Amino acid sequence: DIDNYDFAAIGKAISVKFGFTKERYNPEDIAPVLPVDSCFAFNSTTKTISNYYDYQDNNSENEACPRSIIIPSTINGTAAEVIGTRAFSAKQLTKVVIPEGIKTIGIEAFKNNSITNLKQVLLMVHLTTIWLSLCRYQME
């Protein structure tokens, strides 16, 4: 009878046998990686990242784009200087490293992600413009 199974004990036994722990798979512990250029919508004329896709080339049949990321300093050979308004909003990001060379971060650029504190957004930049609502509702 399925109602009599102790699923918590079964889960614990599996965790012990295979070395799984909740902490090991905490998304906050995943080191940021550099996504491929096809994970970004990028305007080479304005040097603006306008969107971060869920999948490469914005096609769900392709590989998923990572959620703990290092934003590239160049995309398709052009320097990235601007992170556009809501470009990374609601993308389930857990960590973000913003490279040197980014000069402007738009309004609500990182709103509604799993970034829980400013330590998870590593700024390696000298920004000329940053809107106060960068991560509205998250950075309290």
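The residues Glu61, Glu81, Glu100, sorted by heavy-atom accessible surface at 1.4 Å with ligands and nucleic acids left out, run Glu61, Glu100, Glu81 from largest to smallest. Legend: calculated FRET efficiency, Thr85 to Val36, from the Cβ-Cβ distance at R0 = 30 Å, rounded to 0.05, equals 0.80. Placing dummy labels 7 Å off each Cα toward the beta-carbon, the span from Ile107 to Ser73 is 3.1 nm.
The values are calculated or read from the model by the stated rules, or taken from the named source; none is laboratory data. Bear in mind that the values here come from a model prediction, so they are computed numbers and not experimental data. Heads up, the Cβs are rebuilt from the backbone with ideal geometry, glycines too, and the neighbour counts pull from every protein chain shown. Quick note on the areas: whole protein, heavy atoms, side chains included, nothing else; ligands and nucleic acids left out. Shrake-Rupley method; radii C 1.70, N 1.55, O 1.52, S 1.80 Å.
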